[in-house]
Amino acid sequence: MQPSVLCYAVSTSLAFAALGLVPAQRALGQDTTLPAAETAEQGRSAAANLPSGPIDEIVVYGAGVQQERAIDRKRENKQISDVIGSDALGKLPESNVAESAARLPGLNVIRDQQTGEGAYLSIRGLDATLNSYSINGVRMGQSGSNRAMRMQVLPPDGVKSIEVSKTLTPDMDGDALGGAVNIELPNAFDYDGAHMSTSVDGAYHERSGRHGNTVSVAASNLFGDNLGVYVGAYYGSRKSVAEETENEGDWMPYLWVPDGNEYIDSKSYMMQGLGLDLFENELERYGANVSIDLKYGDDNSFHVRGQHNRYRDEETHNYFDVRTHSSARLVQTDPNRTDLANPLSMVIGQDATLGRIYGFTTADIVDADGDGRITDADRTGNGFYSMIGRSGTWDPEGVRLGRGVEYGVEEETQSTFSIGGENRFGAWLVDYDVAYARAESEIPEIYGLDAGFRQSTPWLGNRGIPFSFPDPRYPQWQFNQAGFAGLYDLSNYPIGGAWAESEQSENEQQTVQFNVTRAFDAGAFQSVKFGGKYTTSERDSRSGTLASLDAIDGLTLAQSGLAGRNYSEFFDGEYSGGHGFGNVLSARGVVNAIRSCDASIFVNDNGTCGFDAQAISSDSRVQLEEDVTAAYLMGTWRFGDVEVIGGVRAERTELQSTTYRQVDLPQDALAALPPGQLPNNGYVSQTHSYNNVLPSLHLSWFANDNTIVRGAVWTSFTRPEYSYIAGGEQFGYEVLRDAGGNVTGVRLASVNRSNLKLDPQRALNFDLSYEYYLNDKDGMLSAALYHKRIKDFLVVDASLERDVTDDQGVQISEPKNLDSAELTGLELGYTQRFRFLPEPFDGLGLVANITLQDSEGDAAAAWRTDRPSFVNAPDRMWNVIGFYEKAGWETRLSIQHTGEYIEDPRGNGVDKYIQPTTFVDFSLSKLFAQQKVRMFVEVTNLTEEHLYWATRGRAEAFQKDYVEAGRTYNVGFNWVF
């Protein structure tokens, strides 16, 4: 029987999101007979209603049949999870698996603000670092400084399904406090005999006027009844432009405060500066996956599987910064006084040498020069306020302008390879895998050049820079006429210098795992399952400075020849004329100049070029080995209409880190001290280990043919970030000298270090779900409640570091576990196929889900008395897809909303928030040639919604970063032959 093309329906993406469907592949030739052990565990699940024998071919036509299979699969679930299958993946415009999975309930995609693509997945309000990630059940490598998986490297093409488990049974890895993401790739037994398919599409990015394309191919064949081979490959490219407005220097309170360690009213914030950023990206993805599968005897199989994916982002970042600059200020004698007048109103005279004379007394203002008078000579403070002290108000004097460019290529690689199988010995079933995973993140060379000036006094008659806000997303600077003209005169921008750097991080993992299941034919006890797993993981990261070049003194951008085209219509004309972007810099010209140490631009030492393509800084290298040994035992019981799964998992983690210790001391101090008095610069090794015991209990009550109630009480944990436990040490010393300036000793003043002995975060989780299935499989209603209690909480942010001063006066900065945090949420889902309506309306359907949640945890800063919500935890998320399917035509409209959330805890208790986003995507397709060819048109970001909008505090008025990228069109076809 010839393979047939699946008829894709508009409802597919959200149907999977709400129902948890893994649909059949195109023309699946799949044996749905279940092993005895699995049937026993499922009890009265929908699997009992499936045909008892193999099905030669499953052909899915459109949303209706897919919806029916969604209902069957939902009833089979043992834990609370959601699955999106191949018939939904990529059928709405999606660049990678993160964007596909984000259509599932309770999931939020964190976008890359430069490329606009989804990069990370948050599950039920928990950061991406708190999830586990695997391909075909094999843990993926992670090459970054944290445990989050950057999912841009994985396209939706060639993926069989994405499963997100929101509760964990003992046979699953326990280090998934948020949830477990498993990406399943296809194999030859998913198809009926020989199969070949291809997909081609072209993309057009409207704002940039640039094009891209994607090509994927897949082929498989069954050799007899036992051997199958599957091969898939893809290539994709995309070009885009993203434009950003950014508050440079952050918002600052109108009244002077000593630091950020006290609450203030965010409405008093003043804008320090504005930056315009232009990101031009060229993205490439390519990869392949292979699966060789052998089936022999009854329930015996063997497989060899491998996949390799590579992601490349070539980015040019031009920036234009316009901001106020600090200047010398008078300092209050008592910084807490609030009754002192503005110094400008207190001028009583002028001195030819000392400058202005003020009517303050030495009891009011610090008399720095000791002459008994307060003059400009006493302006020893520095800042943006009328004075340094609580009488000071916002009063900038100086101006700071900057232009520059950064250019680099970032490359990421993900590879896995596994050998395993499954064997039955009577009532015993054994499965096993030996796997290797590797991930690498590399920026082999990144270049940058800065130009501009900082002036503490008024510039061209402009005293500081005021800003206006006709739209909070597009703040506008204000100058006099000379200032507006000077902004775009490149002779006003002396080149400061240039640099080139290199970064690399890689992770290799080896895993051995097995599971043993014993089924029982009679009694309440249905099955017992146990197993073990051992993983050793090695991480290595390093960076280096390839060049650090000073420009010829006084050389400006106008003289350098590095200026490029004028980018006039920034944000579709929101910034133009005296508020425009102006000239970009030539990235290629800058790269060539740095690599050659161009003598017409840079100062060279004795004519020697300072570029070293092989430079690696020894003090940047970090190595970490993490070995995990795990074992579990679980059982399944059946009591009438209730199924119970209970058990326990134990995991032991052993760590060994090698990091660099840096001692900051002048050379004369080091030479004068006796050997051994101070720790030496060099590598330091440390070890640490800990155990986690994770009990869990899952219940499913099959109340009637239409209703299932599920509940779970389970435990989980997440290991600390790599950068928190292996980030090196830095010792700061105060040098003691005698009256002659000779070194007499040193005193340890500060220690900044990572903390290998951080405890993992531990969670006690409670879940309850209700599922009601409509008659004739027309749809379903679902609801799920969840609550997490977290101990040894770690805020996912650099502000986690807490400064502590010990008894000797040494300031110690290192990550610390906090006490507790809690998360509570509600998920609601609705799916309805309206086939009861009269023609032609019987092709309509609607699928929707919404998640509402609330979180709170201990604050990282000791002075904060509130309990802020989690980082990257939206208060609400919802998805709606409306679809129509009839006579081979399919159309779908997807609306995806993410509410506000904290991205970064900030000073003064005014955190950085991400404003809500609502993305609208559209697709239209038609089947031709006996349903073997599908032509499609897609529009991404139909309403041109912003990609990213960050504010200081909740209010939209205090913009921090705002990014737009516009609309993208795709046209293409799928062909199965």
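A few remarks follow.
- The criterion of at least 3 residues that are modelled with pLDDT of 95 or more, surrounded by 14 or more Cβ atoms within 10 Å (Cβ to Cβ) and more than 32 Å from the chain's Cα centre (by Cα) is met by the following strands (runs of 3 or more DSSP E) wholly inside region 572-687: 622-639, 642-664.
- Each residue in region 344-383 was checked for being surrounded by 12 or more Cβ atoms within 10 Å (Cβ to Cβ), out of contact with any Lys or Arg (no Cβ under 7 Å at 6 or more places or on another chain), free of Cβ contacts under 8 Å to residues at least 40 places away in the same chain and of a type in the set (S, T, N, Q), and 2 of them qualify.
- The sole residue among 419, 495 that is more than 30 Å from the chain's Cα centre (by Cα), surrounded by 19 or more Cβ atoms within 10 Å (Cβ to Cβ) and assigned to a strand (DSSP E or B) is 495.
- Hits in region 179-215 (condition: closer than 30 Å to residue 127 by Cα and among the small types (Gly, Ala, Ser)): 179, 180
- The conditions of being out of contact with any Cys (no Cβ under 7 Å at 6 or more places or on another chain) and under 25 Å from residue 319 (Cα atoms) are met by residue 252.
- Scope region 823-846; condition under 22 Å from residue 894 (Cα atoms) and in contact with a Phe, Trp or Tyr (Cβ under 7 Å, 6 or more places away or on another chain); matching residues: 834, 841, 842, 843, 844, 845
- Which listed residue is more than 30 Å from residue 650 (Cβ to Cβ) and polar (S, T, N, Q), from 775, 691, 765: 775
- Filter result for residue 545 (more than 30 Å from residue 728 (Cα to Cα), β-branched (Val, Ile, Thr), part of a strand (DSSP E or B) and in contact (Cβ under 8 Å) with a residue 60 or more places away in the chain): no
- The residue list 200, 217, 257, 229 contains one member that is in a loop (DSSP other than H, G, I, E, B) and over 27 Å from the mean Cα position of the chain (by Cα), which is 257.
- Against the conditions (1) crowded, with 17+ Cβ neighbours inside 10 Å; (2) in contact with a helix residue (DSSP H, G or I) (Cβ under 8 Å, 6 or more places away or on another chain); (3) within 27 Å of residue 917 (Cα to Cα), residue 871 satisfies every one except (2).
- Selection count where residues are closer than 19 Å to residue 313 by Cβ, assigned to a helix (DSSP H, G or I) and in contact (Cβ under 8 Å) with a residue 60 or more places away in the chain, scope region 141-191: 2
- Identity of the residue in region 745-786, crowded, with 20+ Cβ neighbours inside 10 Å and in contact with an Asp or Glu (Cβ under 6 Å, 6 or more places away or on another chain), that ends up nearest to residue 849 (Cα to Cα): 782
- Across region 233-290, the number of residues qualifying as among the β-branched types (Val, Ile, Thr), modelled with pLDDT under 95 and under 30 Å from residue 583 (Cα atoms) comes to 1.
- Scan of region 952-977 for residues that are under 26 Å from residue 935 (Cβ atoms), in contact with an Asp or Glu (Cβ under 8 Å, 6 or more places away or on another chain) and surrounded by fewer than 22 Cβ atoms within 10 Å (Cβ to Cβ), ordered by number: 966, 967, 969, 970, 971, 972, 973
- Taken together, the criteria exclude residue 131 from residues that are over 22 Å from residue 720 (Cβ atoms) and modelled with pLDDT of 90 or more.
- Qualifying residue in region 382-392 (condition: more than 31 Å from the chain's Cα centre (by Cα) and basic (Lys, Arg)): yes
- Residue pairs meeting the criteria (Cβ under 7 Å; at least 6 apart or on separate chains; first over 23 Å from residue 158 (Cα atoms) and among the acidic types (Asp, Glu), in region 72-86; second crowded, with 20+ Cβ neighbours inside 10 Å and modelled with pLDDT of 70 or more): none
- Residue in region 460-508 that is farthest from residue 581 (Cα to Cα), counting only those that are in contact with a strand residue (DSSP E or B) (Cβ under 6 Å, 6 or more places away or on another chain) and of a type in the set (Asp, Glu): 508
- Output for region 120-162, where each listed residue is among the acidic types (Asp, Glu) and within 21 Å of residue 417 (Cβ to Cβ): 157
The values are calculated or read from the model by the stated rules, or taken from the named source; none is laboratory data. Everything numeric in this text was worked out from a predicted model, so none of it was measured. Quick reminder, even Gly has a Cβ in these numbers, built from the backbone with ideal geometry, and neighbours come from all protein chains shown.
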